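Below is one structure, written out as structure tokens; comments come after it.
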Amino acid sequence: MMNFDDFNISDEIKNAIGDMGFEKTTPIQEMAIPLGLAGRDITGQAQTGSGKTIAFAIPVLEKLFIPDRSPQSIILCPTRELCLQVADEISKLGKYVKKLKVLAVYGGQPIGKQTRVLKKGVHIVVGTPGRVIDHIERGNLNLIGVESVVLDEADEMLDMGFRDDIETILKSTPRQRQTMLFSATMPTEIRKIAKNYQNNPKFIKVSNKKENIPKITQHAFMTNHKYKFDDLTKLFEVYAIKSALIFCNTKKGVDFVFKRLKKNGYSSEALHGDMTQKTRDRVMNKFRNGNVSFLVATDVAARGLDISNLDFIVNYDVAQNYDSYIHRIGRTARAGKSGCALTLVSKEDFANFNNINKQSKGKITQKKIPSDAEIENIKLNRILDDSLNSIKIDNLEKYIKIIKKKSSADISSEKIAAALLRKLGEN
Ligand code: AMP
């Protein structure tokens, strides 16, 4: 791994990287930054979580001419959430670049507000393709001065039907622009866009190798369609899960799991593509702030989400393919933290699981859902371990005195400890 200091980047940006707490580069950054700084077109195959935002943001920022306040860079992302995240990351990275203006434009927000900011002048526009087109058509956005274009999560944008919009936007920018394309997968459609709109691009790829998926414990549990929901709640107990992002393959599945969780007293919300932006925002914020514990989502709705401190991902349905699986589990263990991904596999899901399991090369451990007795045992041991940990730090004299007073020939301290453990276990 390299240090950011090894690159030829300005002190303003180096200092901002220092403030963000990054020292070493990620593999995609190591490959993309020098190419980007040299002005090369890049086709990068990388997942969310690989650090690709910084990888393209540094070359974008270094190219800017701040006195000129017409858009010099346009970054296209599939969703509003990703636009906001990318704009936020660029603002952090450019915090010492005086007078830098970055604007996120996306559907769902009143257009007037975005128009006013655009009219005042911005250097970088981060937007969803539909809204960007809207601004171009209204005459709010002129891309004639654009020097760099980034297509972020290009495969997802195509899946969402943005192909024509992307091509229109690319055609509205000067031919000599720098074009950087990032995509988790590289289907023919993406290669075609690269071929038609990029100039001798350099292809770089970070494979789904261990170093790119940091410290994620991955377990799979065979289950039965009928008992799947019960098994989900058993996993909550086994792993003492207080909060998790739960994936289902369909909107119907999301609704089912979300409603049953609610009915069983778990604080939960649903997130899927059919919801209005406003509702999605509200739900996301609740989850981010810890006001809701379980978020049940489809792949599209959760795409690109960066949630810090998310310890558990649960695949209620097995992902359709390996790329999607990697994308899902990449929501945990962000920025070097560790995380855990649990997958429930029923008969219907078995073919998909086999496929994913093969490609993961033994990283997914297959386990059995523990029986009720085993779960109780795990729970009691956890309570005991937690209590034993406190022996090292707490002053227990006060409690020892009370126990001593209560114990007698008939009631040993051991018995008292056992009764306490039973009581705690009931809660
Ligand atoms: P991305 O793939 O761009 O969505 O980035 C994933 C996460 O990694 C974000 O939270 C970034 O802030 C963080 N990140 C990016 N570059 C680095 C780095 N070099 N070291 C540690 N964390 C990073």
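The values are calculated or read from the model by the stated rules, or taken from the named source; none is laboratory data. Just so it is clear, the model here is predicted, and its values are computed rather than measured. We place every Cβ from the backbone using ideal geometry, glycine too, and count neighbours over all the protein chains shown. Side chains included, ligands, DNA and RNA excluded: accessible areas come from the protein's heavy atoms. Shrake-Rupley method; radii C 1.70, N 1.55, O 1.52, S 1.80 Å.
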If you take the Cα atoms of region 374-426, find Rg, then find the Kirkwood Rh from the mean of 1/r over all pairs, what is Rg/Rh? 1.01
Whole-percent pair-distance distribution, where bins are 10 Å wide, for the alpha carbons of region 214-370: 11, 45, 37, 7, 0
Binned at 10 Å starting from 0, the alpha-carbon pair-distance distribution of region 93-154 in whole percents comes out as 19, 56, 25, 1
Hey, could you grab the Kirkwood Rh for region 10-69? Inverse mean 1/r over distinct alpha carbon pairs, Å, one decimal. 12.3
For residue 8, project a label point 7 Å along Cα to C-beta. Then give me every residue of region 56-80 with its amide nitrogen under 14 Å of that point. 59, 62-63
Distance in nm between label sites at residue 291 and residue 38, each 7 Å beyond Cα in the beta-carbon direction? 5.0
When only alpha-carbon atoms count, how far does the chain stretch along each of its three principal axes, as whole angstroms with the largest first? 90, 49, 43
Check cross-link reach from residue 401 to the lysines: straight Cα distance under 19 Å, and skip same-chain residues fewer than eight apart. 392, 415
Where a ≥ b ≥ c are root eigenvalues of the Cα gyration tensor, a/c under 1.5 meaning rounded, otherwise prolate if a/b exceeds b/c and oblate otherwise, region 128-176 counts as oblate
Compute the FRET efficiency between residue 351 and residue 88 as 1/(1 + (r/R0)^6), taking r as their Cβ-Cβ distance and R0 = 41 Å, and round to the nearest 0.05. 0.55
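Roll a 1.4 Å probe over the protein chains and send me the accessible area per residue for the chain in Å². List each step's numbers first, then the result.
On the way: 21630 Å² over 427 residues.
In whole numbers, the chain has 51 Å² accessible per residue.
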Tell me the carbon and sulfur percent of the accessible area for region 223-297, rounded to whole percent, probe radius 1.4 Å. 48
Lys, Arg +1 and Asp, Glu -1 on Cβ, resulting dipole of region 1-101 about Cα centre, debye, nearest 20: 360
Given points 7 Å out from each Cα along the Cα-Cβ axis, report the residue 282 to residue 167 separation in nanometres with one decimal. 3.9
Extension gain, residue 419 back to residue 203 (0.36 nm per residue minus Cα-Cα distance, nm): 71.3 nm
Quick calc: nm separation of the 7 Å Cα→Cβ label points for residue 320 and residue 259 -> 2.4
Return the sequence-ordered ³J(HN,Hα) values of region 177-184 in whole Hz as given by the Karplus equation 6.51 cos²θ - 1.76 cosθ + 1.60 applied to θ = phi - 60°, using x for Gly and Pro. 4, 8, 10, 10, 10, 10, 7, 6
For region 374-426, which whole percent of the accessible surface, found with a 1.4 angstrom probe, sits on carbon and sulfur atoms? 57
Give me the percent of accessible area attributable to carbon and sulfur for region 4-208, probe 1.4 angstrom. 47
Proportion of all alpha-carbon pairs of region 4-208 beyond 27 Å (%): 22
Which cross-chain or sequence-distant (5 or more) residues have an amide H under 5 Å from the amide H of residue 292, H modelled 1.01 Å from N in plane? 287
Whole-Å distance linking the alpha carbon centroid of region 21-98 with that of region 264-284 is 29
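State the volume of the convex hull built on the alpha-carbon positions of region 119-257, expressed per residue in Å³ and rounded to an integer.
So the per-residue Cα hull volume is 200 Å³.
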Report the FRET efficiency, 1/(1 + (r/R0)^6), for residue 404 and residue 426, where r is their Cβ-Cβ distance and R0 is 35 Å, rounded to 0.05. 0.90
Non-local residues with an amide H under 5 Å from the amide H of residue 204, with H modelled 1.01 Å from N and Pro and chain starts lacking one, are 43, 44, 45
Quick one: Karplus J couplings for region 235-247, per residue in order, coefficients 6.51, -1.76, 1.60, θ = phi - 60°, nearest Hz, x for Gly and Pro? 4, 4, 6, 4, 9, 6, 7, 9, 7, 7, 9, 10, 9
